[in-house]
Amino acid sequence: RPGLALCAGCGGRIQDPFLLRVSPDLEWHVACLKCAECGQPLDETCTCFLRDGKAYCKRDYSRLFGIKCAQCRAAFSSSDLVMRARDHVYHLECFRCAACGRQLLPGDQFCLRERDLLCRA
């Protein structure tokens with residue numbers, strides 16, 4: 001469909017022999033598909049993530065939209081072990097009592113008051 005598609009990056013008509021289709025309704029010139037945050041070219045060598053019609057590299061997508069630890073606010077890596085309390089997610093080392101600082105382990109009784117974890121003691 002060269003000549004019929006409009007580039008989601010620059011808005012121009014795609015006359016090139018090749019276009020990049022990231023989703024069924026979003027197409028880019030090869031040179032226009034870049035991370036909306038850092039400008040890194042997004043091609044077949046890296047993963048592309050979409051949000052609200054914008055493309056992001058994996059690093060920026062995770063930083064901007066990924067789940068973050070309720071205690072330290074850092075993002076999680078794919079190898080991190082986590083603990084959950086209601087809708088909050090924590091790094092293992094961040095899952096500690098707010099009063100005494102003791103790390104809470106699987107099976108420990110605790111309560112969650114607003115954002116604070118409290119051990120049974």
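The values are calculated or read from the model by the stated rules, or taken from the named source; none is laboratory data. Quick caveat: nothing in here was measured; it's all calculated off a predicted structure. Note that each Cβ is placed from the backbone with ideal geometry, even for glycine, and that neighbours are counted across all protein chains shown. Ligands, DNA and RNA are stripped out before the accessible areas are found, and what is left, the full protein with its side chains, is counted by its heavy atoms. Shrake-Rupley method; radii C 1.70, N 1.55, O 1.52, S 1.80 Å.
Within the stretch 100-121, residues that are closer than 18 Å to L81 by Cβ sit with their Cβ atoms under 7 Å from residues that are aromatic (F, W, Y), at 6+ positions apart or across chains, in these pairs: Q103/F95; L104/F95; L104/F110; L117/F95; L117/F110.
Only one of the numbered conditions (1) under 30 Å from C94 (Cβ atoms); (2) open to solvent by 60 Å² or more (accessible area, probe 1.4 Å); (3) in contact with a Cys (Cβ under 6 Å, 6 or more places away or on another chain) is violated by C10, and that is (1). Is one or more of the residues making up the stretch 71-93 over 20 Å from the mean Cα position of the chain (by Cα), open to solvent by 80 Å² or more (accessible area, probe 1.4 Å) and either within 22 Å of G9 (Cβ to Cβ) or not assigned by the TED database to the domain that holds G11 (or both)? Yes - at least one qualifying residue is present in the stretch 71-93.
Among the residues of the stretch 77-91, is there at least one that is touching a Phe, Trp or Tyr at 6+ places or on another chain (Cβ under 7 Å), among the polar types (S, T, N, Q) and not in a helix (DSSP H, G or I)? Taking every residue of the stretch 77-91 in turn, none turns out to be touching a Phe, Trp or Tyr at 6+ places or on another chain (Cβ under 7 Å), among the polar types (S, T, N, Q) and not in a helix (DSSP H, G or I).
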